[in-house]
Every structure is written in structure tokens, then in C-alpha cells.
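Written below as C-alpha cells is the structure these notes are about.
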Amino acid sequence: MGIVNVTPDSFSDGGLCASTESALRHAVRLIEQGADWLDIGGESTRPGSMPVDVEEELRRIIPVVEALAGMGVPVSVDTTKPEVMRAAIKAGAAMINDVNALRSPGALEVVAAGGAAACLMHMQGEPRNMQINPQYDDVVAEVKEFLQQRLDAAQAAGITRERLVIDPGFGFGKMQEHNIELLRHLDRFSDLGVPLMVGLSRKAMLGKITGNEAADRVHASVAAALLAATKGAGIVRVHDVKATRDALAVYNAVNG
Ligand code: 9MG
């Protein structure tokens, strides 16, 4: 899944696709490089970021979603707001990627009625405060328990299991030791019985390991995506599609 942030302030590519035209140019490049999905976002979720209002988020993403869906590209929309989810599904989005796991009032109902798929991600806190002292006794067990509860809530609201994906939410209310522990034990999420998505691309976790700035984390990101794939991730959300595709091709040639 290739990332298209239609924002002025995302952590590793802020401003790259701030207009509809530049977002579409970038999106087409990612498809040519082998992305199966594009994830379109109009609000940054980086630590410390502030929310944008519904109108601004719609203004940023809807023209991009309409154009890509019109070309037959599978589009996911990264949003936590039910109003944006509804408009995105109407514009052709096939999946809602919600870092808040459809916890906003009305979100479950909008996705259930719209017939889209949903990625339910774990986050402790919210982007503006999530990195202030996050705490866990057993991070893997607690993240799993949360995701199981959200899967149950989604199904109770009428979103069938085949439409659901889970994500442990690397960097969302987690210290370095929590991120490492989650990646080490990623295979334990497979017993939740739905596809697993991960986002590790260019994240601070990789900067802490390598000492590199965000723009210089491509190699670490590819290594992390590959490691995640070997531990059961079926969808990797990445900035660097070509490099990730090549690494996965080598892996798949050997492991089928
Ligand atoms: C929007 N966004 C940023 N990081 C993410 C991650 O790790 N997973 C998902 N599902 N979305 C993310």
C-alpha cells in the first residue's frame, strides 16, 4: 500500500503532495512502481499534530479519491471522521484506514452502511498527546485484546469479517521498547483471523535504530517491511513502493 499524504505537514513527506495535481502525479508514480493500494490522507497523524476540520480534510482528499477511483485504482482513505468516511466511500474509496479503529461516534455505522472495508488500528491516546509516557504491562497482549474488541464491535455493527483488517499501530502511543516487542511478536496477531497491516515506513522507531533522519530511512524501512511480511503482515503501508516491491519479490521467489 503506497502512501499519499495530501497534507502540508506529514512527518516524512510533508508538502510533497499538498495540491490535488501533485498528489495525483505521486499516486500514479506509486501505482507504476507496483502499489496494489493507495492510502490517501488529508490530516497528519504524526505525534504532536493538531486536527484539521472536516471541510479542509474533504477539500484535500475528495478530488484525489474521485480521480484515482475513476481510474480503477483501489483506494483506502486514512481518516478518523465519520463525515469524511461517508464522503470518501461515496467518492469511490474501497477501504477506510482508521488510526482510531472506528471509535468516533457514528464511524462504525457509516462504514457498515457504505459497504467499504476497514483497517482497525491500535493507538493509545491521540496524536497530539500519544507519545507522552505511554504505558503497558504486556504490550502484545494488550494491543491484541484491544483489536479483538474492535473486531467484535465492527462485526456487531454489521461489518462482515471479510471486510476487516487489523494493525498494531507502530509508533502510536508506544515507546521504542513497545514497538520492538510488537515487531518481534507480530506473528501472534495471526490468531485474530483477519489480514494484518503494518506501517513502519520511515518511522521514528527506525530513526532510533539507525540514527538516520526520516528521508534517509528507506533501507531500514524496506528491512522492516520484509521482516513484518515474514511474520505474517499481508499489507505493508509504505512510502518507498519500488524498493519494498523488489525486496518482497526476492522473498516471494524463495518462499512462494
Ligand atoms: C495513517 N497511518 C500512519 N501510520 C499508520 C500505520 O502504522 N498504520 C495505519 N493503518 N495507518 C497509519
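Could you give the size of the charge dipole of region 161-256 about its Cα centre, using +1 on the Cβ of each K and R and -1 on the Cβ of each D and E, expressed in debye and rounded to the nearest 20? Around 120 debye, computed over region 161-256. When the charge dipole of region 51-141 is built from unit charges on Cβ atoms (+1 for Lys and Arg, -1 for Asp and Glu) and taken about the Cα centre, the candidate among Pro51, Met71, Ala112 whose Cα reaches farthest toward its positive end is Met71.
Per atom type, the chain shows carbon and sulfur on 53% of its accessible surface, probed at 1.4 Å. Our estimate of slack between Glu55 and Gln176, defined as 0.36 nm per intervening residue step minus the Cα-Cα distance, is 40.0 nm. In the context of the full set of protein chains, the chain has a per residue accessible area of 43 Å² (1.4 Å probe).
Relative contact order for region 96-165: 41 percent, from Cα pairs under 8 Å spaced at least 6 residues apart, divided by residue count. Net charge dipole, region 5-127: roughly 140 debye, given to the nearest 20, about the Cα centre with Cβ charges of +1 for Lys and Arg and -1 for Asp and Glu. Counted over all Cα-Cα pairs of region 20-119, pairs farther apart than 18 Å make up 42 percent.
Evaluated with a Cβ-only charge set (Lys, Arg +1; Asp, Glu -1), the chain carries a dipole of roughly 340 debye about its Cα centre, given to the nearest 20. Over the chain, DSSP H runs of length four or greater, each weighted -39,500 (n - 2.57), average out per residue to a 222 nm ellipticity of -13000 deg cm²/dmol.
The values are calculated or read from the model by the stated rules, or taken from the named source; none is laboratory data. Since the model is a prediction, treat every value here as computed from it, not as a measurement. Virtual Cβ from ideal backbone geometry, glycine too; neighbours counted across all protein chains shown. Accessible surface is based on the protein model in full, side chains and every heavy atom, while ligands, DNA and RNA are left aside. Shrake-Rupley method; radii C 1.70, N 1.55, O 1.52, S 1.80 Å.
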